[in-house]
1. When only C-alpha pairs under 8 Å and at least 6 residues apart count, what is the relative contact order of the range 2-398, in percent?
2. Between the range 245-272 and the range 38-97, what's the alpha-carbon centroid distance in Å?
3. The chain: D in µm²/s via Stokes-Einstein (Kirkwood Rh, Cα pairs, 37 °C, 0.692 mPa s)?
4. Quick one: angle between helix 276-300 and the longest Cα principal axis of the chain, in degrees between 0 and 90, rounded to 10, please.
5. What nm distance separates the two modelled labels at THR390 and THR9, each placed 7 Å from Cα along Cα→Cβ?
6. Identify all lysines with a Cα-Cα distance to LYS209 below 20 Å; exclude those on the same chain that are fewer than 8 residues away in sequence.
7. What full-extension length gain, to one decimal in nm, is calculated for CYS151 and LEU87 as 0.36 nm per residue of separation minus the Cα-Cα distance?
8. Could you tell me how many degrees, from 0 to 90 and to the nearest 10, lie between the Cα long axis of helix 347-371 and the main elongation axis, the longest principal axis, of the Cα atoms of the chain?
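Derivation of every value follows stated rules applied to the coordinates shown; laboratory data play no part. Only a predicted model underlies this, so the values are computations on that prediction, with no experimental measurement involved. Cβ: placed from backbone, ideal geometry, glycine included. Neighbour counts: every protein chain shown.
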Amino acid sequence: MRKTLENLTSVVGGEFVLRTATFVAAVLIARLYGAATLGTYTTALAFATLLATVGDNGLNFSSIAEVSRRPHETDSIISSLYVVKTLLLAIAAAIALFVAWAWHIKPTAFVVGALVMGKIFLNSYGQANFSMLKALDRMRPIGMLQFFHSCALLGGMAMVYRFRWGIGILLAVFLGGQIAEILASSAVLWRLRVRLTHTSFLDCFHLIKLSTPVGASSLLANFILRLDVLVVSLFYSPLLVGHFAAANNGVVAMYAVAGLFGSVLLPEMAKIGPNLAEFMRKWLRIVCAVCVPMVIVVVLCATRLVVLVYGRSFAEAGPLVAVMAIAVPLIVLNAMYYSRAVALQMRGTYLSIFFGTALLAVALDITFARYLGLMGVAAAIVIREATMLTAFLVSARGNFAVPAAGAASSLSLQVFDSSPRRP
């Protein structure tokens with residue numbers, strides 16, 4: 001438990017400070033360039049994140065299990081990971097160029113989109129390095145690297161704000177910070193004697209085969225997350241999209257933190273085996289004790305917080321924040337139960353839950369956006385997360401077979417084994 005808490009503090013703490021810097025960036029864009037520019041930036045970010053998820057295909061997450069199961073083949077696995085990721089990201093970039101051409105994207109929006117996409121794609125490589133550190137149980141450097149990354153971003157943003165530079169320079173700062181993080185994490189792996197080596201087509205195919213179930217669920221999860229902004233951008237002006245994005249930024253950050261929270265718990269869940277129920281109850285109490293008071297404070301002070309952060313011109317986003325905040329505990333619990341489903345090899349369960357939630361999200365977002373406005377989309381977020389949690393809880397009531405603890409040592413159970421197996 002102590003080791004898990006230490007790893008959780010490093011990984012989630014590092015992501016928290018980095019997400020804080022990203023949140024500050026959104027505030028800077030809103031204050032310096034206006035709500036319309038914030039809407040354009042957020043839409044580009046949503047689209048780029050979806051494409052990066054296609055390029056990742058669950059590789060980062062599944063590689064944690066593979067390295068933990070076969071530590072003597074770490075060099076081969078990370079080499080295959082980079083080869084496959086590069087190929088898939090190249091396909092994703094081609095899709096982005098086709099969309100930009102087909103939709104006749106304006107030059108300014110194209111530049112913003114290209115810089116945002118470059119940063120997001122590079123972040124996928126950075127997360128691959130972090131996945132290797134998680135698998136090797138060297139998670140402490142992750143928090144340190146993300147702390148220095150966030151400091152560099154904050155320093156760059158301070159310069160942009162001081163000299164009133166354009167958004168292109170601001171996004172170039174993001175790009176440079178991401179490159180520095182990749183180089184630093186690669187240096188850490190080098191000191192741990194991790195080297196790139198020859199890899200074969202069969203190794204790459206094997207990794208794709210293992211990662212695809214998780215990749216499908218990750219794509220559905222990111223689709224659900226980014227759908228809100230994309231639907232709002234279809235129905236409303238960039239100005240209103242900017243107001244919605246201002247409220248939605250906190251929810252997006254919580255999705256990222258929740259995902260990391262689940263990835264830290266996953267190795268421990270796989271090792272525990274028969275005692276997983278008690279482990280889940282313990283973390284359920286912790287999540288509720290932390291999240292519920294925080295949500296109450298945000299709901300009561302939503303408008304004041306929005307005005308304090310974004311300025312009075314964004315006061316209309318206050319009620320949206322109050323509604324979206326209710327979804328935060330649900331988001332964290334869904335991430336925890338998703339990791340449980342992965343640890344128990346319940347591929348059909350978590351894929352069906354994500355697919356059903358994605359269909360529900362599309363129906364709710366489009367219907368509520370058309371007839372209930374932005375507040376309707378905010379309510380749709382809460383409804384879909386509550387529905388997903390209900391589905392996970394129902395699936396958790398069954399008596400699922402768990403591999404023996406000895407077979408699961410160091411995540412040695414085949415979490416992503418492709419052979420058919422009933423939960």
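1. Relative contact order here is 24 percent.
2. 17 Å
3. My calculation gives 149 µm²/s for D.
4. 10 degrees
5. Each label point is offset 7 Å from its Cα along the Cβ direction, giving 3.9 nm.
6. LYS85
7. Gain on stretching CYS151 to LEU87: 19.9 nm.
8. On a 0 to 90 degree scale, this one is about 10.
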